[in-house]
There are 2 protein chains.
Amino acid sequence: MAKPRFPAPDHDHQACLSASLERAESAYVEAGGRLTELRASVLRELAASHQALGAYDVIQRLSAAGRRVAPISVYRALDSLLEVGLVHRIESRNAFIACHEAHDESRPILFLVCDACGTVAESGEEGLNEALGNAARNAKFTLDDTVLEMTGLCEHCAGREGTRGH
Amino acid sequence: MAKPRFPAPDHDHQACLSASLERAESAYVEAGGRLTELRASVLRELAASHQALGAYDVIQRLSAAGRRVAPISVYRALDSLLEVGLVHRIESRNAFIACHEAHDESRPILFLVCDACGTVAESGEEGLNEALGNAARNAKFTLDDTVLEMTGLCEHCAGREGTRGH
DNA sequence: GCTAGAAATGTGATATTATAACCTTTCATA
DNA sequence: TATGAAAGGTTATAATATCACATTTCTAGC
């Protein structure tokens, strides 16, 4: 993950989706839980796009797909997927995205969120980790978790502002 | 703001509070709005500590101080204070803090949030800006806003975990 | 002073996000 | 094939945030 990249609007998304779901099974084996039908369904809805979805968006989509699920169930599934690292939470949106790549666990992830199309890219930018470490050290802060999010326009939307959704 | 610092539990908080409120009047003159009684009240509650408070915490405190205010009014006051830069929003907590120092507008602020006592420190760490700029450039991302938050334990709580509130 | 328009706030209702409490089902394993 | 732990269902509710519209307050210009 040297460079963060926004997927082109016309990329082969089926491949992304498959990759995400394939990783899921093994991630659960490694982490010690089970990729249940519910969790897989929730992940599928998230992985179906590169956009951040709210928990209630997921509920609506599952419902549209013929499956009624209570909020608490979706939140539980999301919690589990977050723990296993298959999903990320975008704090500034109260929303979730499927993780589309493996991460170096020791590094925080920077999310780039497009305000126009809602697409989220992940970055493992090098210098970032060091700068954050310095800040923590200077403040004598015992670091637990890090939230790094940027909002703006992705390369595909920058030229044609006002557009919604690729 | 070279080094972020967590205020000592026994620091002269009256001074912090006064400083914050003094800045407020001039900040509004500069920005072109008015520091109304409501906005000052909200700011006062936030500036009364270095902890992040939820909007409803503010409502409760104002109520305890004898002033009943509707949620929408507090949110409007908070929006105004945020615009003027007197208050910051901590996304990972859905909470707000009074800004206790002037910032270089061109740089994002890193917040260090103590999980034990809730105190928030602000940092303008140097390298950070560059790393974020690189990430944006690499992704061809047109940057608008940045959310940088770290959670963990402040120096005062690290030694005595489990403690709540200085 | 008086008044028109803009800015701020009040009022009441409601939308959105998230969790609590308790019960039932599913599944791996002994 | 019983058993206990993990997962999920059901119902209710908490916590966070906003909408729509009426009223008040402030400022500027007369």
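The values are calculated or read from the model by the stated rules, or taken from the named source; none is laboratory data. Given the structure is predicted, the values throughout are model-derived calculations rather than measurements. In this analysis, Cβ positions are derived from the backbone assuming ideal geometry, glycine residues included, and neighbour counts consider all displayed protein chains. Accessible surface areas use protein heavy atoms only, side chains included; no ligands, DNA or RNA. Shrake-Rupley method; radii C 1.70, N 1.55, O 1.52, S 1.80 Å.
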Selection from the range A:107-125 of residues that are more than 20 Å from B:Val120 (Cβ to Cβ) and more than 7 Å from every other protein chain (Cβ to nearest Cβ): A:Arg107, A:Ile109, A:Phe111, A:Val113, A:Cys114, A:Ala116, A:Cys117, A:Gly118, A:Thr119, A:Val120, A:Glu122, A:Gly124
Is there a residue in the range A:81-96 that is more than 10 Å from DNA strand C (Cβ to nearest atom), modelled with pLDDT of 90 or more, under 13 Å from the mean Cα position of the chain (by Cα) and aromatic (Phe, Trp, Tyr)? no
Name the pairs whose Cβ atoms lie under 8 Å apart, with the first residue in the range A:136-162 and within 23 Å of A:His50 (Cβ to Cβ), the second open to solvent by 80 Å² or more (accessible area, probe 1.4 Å) and of a type in the set (Asp, Glu), and 6 or more positions between them or separate chains? A:Met150/B:Asp144; A:Met150/B:Asp145; A:Thr151/B:Asp144; A:Thr151/B:Asp145; A:Gly152/B:Asp144; A:Gly152/B:Asp145; A:Leu153/A:Glu161; A:Leu153/B:Asp144
Specify the residue that is surrounded by the fewest Cβ atoms within 10 Å (Cβ to Cβ); the eligible residues are those in the range A:3-13 that are under 17 Å from the mean Cα position of the chain (by Cα) and either more than 14 Å from chain B (Cβ to nearest Cβ) or at pLDDT below 85 (or both). A:Lys3
Testing B:Glu91 on (1) without any contact (Cβ under 8 Å) to a residue 40 or more places away in the chain; (2) open to solvent by 20 Å² or more (accessible area, probe 1.4 Å); (3) within 14 Å of another protein chain (Cβ to nearest Cβ), one condition comes back false. Which one is that? (1)
Specify which of the listed residues (B:Leu35, B:Leu17) is surrounded by 16 or more Cβ atoms within 10 Å (Cβ to Cβ) and free of Cβ contacts under 8 Å to residues at least 24 places away in the same chain. B:Leu35
Applying the selection to the range B:130-166, what residues are at pLDDT 90 or above, more than 7 Å from every other protein chain (Cβ to nearest Cβ) and surrounded by fewer than 17 Cβ atoms within 10 Å (Cβ to Cβ)? B:Gly133, B:Arg137
Check the range A:39-55 and report whether any residue there is within 14 Å of chain B (Cβ to nearest Cβ) and away from DNA strand D (no atom under 13 Å from the Cβ). yes
What's the total number of residues in the range B:6-38 that are more than 14 Å from DNA strand D (Cβ to nearest atom) and among the hydroxyl-bearing types (Ser, Thr, Tyr)? 3
Over the range A:61-88, the set of residues more than 12 Å from DNA strand D (Cβ to nearest atom) and surrounded by fewer than 13 Cβ atoms within 10 Å (Cβ to Cβ) is A:Ser63, A:Ala64, A:Ala65, A:Gly66
With the condition kept exactly as written, say whether any residue in the range B:13-30 is part of a loop (DSSP other than H, G, I, E, B) and closer than 29 Å to B:Asp104 by Cβ. no
Would you check if B:Gly127 is out of contact with any helix residue (DSSP H, G or I) (no Cβ under 9 Å at 6 or more places or on another chain) and not β-branched (Val, Ile, Thr)? no
For A:Val58, are the conditions met, namely being part of a helix (DSSP H, G or I), without any contact (Cβ under 8 Å) to a residue 40 or more places away in the chain, open to solvent by 90 Å² or more (accessible area, probe 1.4 Å) and within 13 Å of DNA strand D (Cβ to nearest atom)? no
